[in-house]
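Reading through the structure tokens given below for one structure.
Taken together, the values in this text are just the output of simple stated rules run on the coordinates, not laboratory data. These figures come from a predicted structure and were not determined experimentally.
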Amino acid sequence: MNIELNNVLVRHQSVPECDWCDKSKDLLDQKGIKYTIIDSDKKFFWNLMQVTHSKKVPQIILNGEFVGDYNDLVEHFNGT
């Protein structure tokens with residue numbers, strides 16, 4: 001499966017109240033990064049997990065590269 005995503009925050013529809021998603025959106029907004037939110041169904045999320053090897057929610061992709069979840073996003077911006 002080819003997945004070409006750029007500046008995307010992927011949420012899973014089974015997690016409607018996602019605090020980590022909200023924190024991630026706030027951080028991306030603070031950094032001035034434009035992004036798209038994808039509310040994925042089970043099949044899309046499963047396929048994405050096969051590519052990213054991660055079960056984390058949200059799954060964040062910046063500039064075509066998988067970053068991870070909120071904590072990984074913080075580390076990404078801190079340069080660690």
Quiz prompt | Extended-chain gain in nm, criterion 0.36 nm per residue less alpha-carbon gap, Asp19 and Lys56 | solution = 12.0 nm
Practice problem: Just need the relative contact order of the stretch 35-80 here, percent rounded to a whole number, with Cα pairs under 8 Å and 6+ apart. | Solution: 21
Practice problem: Quick one: which residues, 5 or more positions from Ser40 or on another chain, have an amide H under 5 Å from its amide H? H modelled 1.01 Å from N in the peptide plane, none for Pro or chain starts. | Solution: Arg11, His12, Gln13
Self-check item: Expected 222 nm ellipticity per residue - DSSP helices of 4 or more, -39500 (n - 2.57), all of the chain, to 500
Solution: -12000 deg cm²/dmol
Quiz prompt | Rg and Dmax of the chain, Cα atoms only, in Å | solution = 11.7, 33
Quiz item: Taking θ as phi - 60°, what are the ³J(HN,Hα) couplings along the stretch 13-18 by the Karplus curve (6.51, -1.76, 1.60), each to the nearest whole Hz, with x for Gly and Pro?
Solution: 4, 7, 10, x, 9, 10
Exercise. Please give the length that would be gained between Met49 and Asn78 if that part of the chain were fully extended, namely 0.36 nm times their separation in residues minus their C-alpha to C-alpha distance (nm, one decimal).
Key: 7.9 nm
Quiz item: Which whole-number percent is the relative contact order of the chain (Cα, under 8 Å, 6+ apart)?
Solution: 41
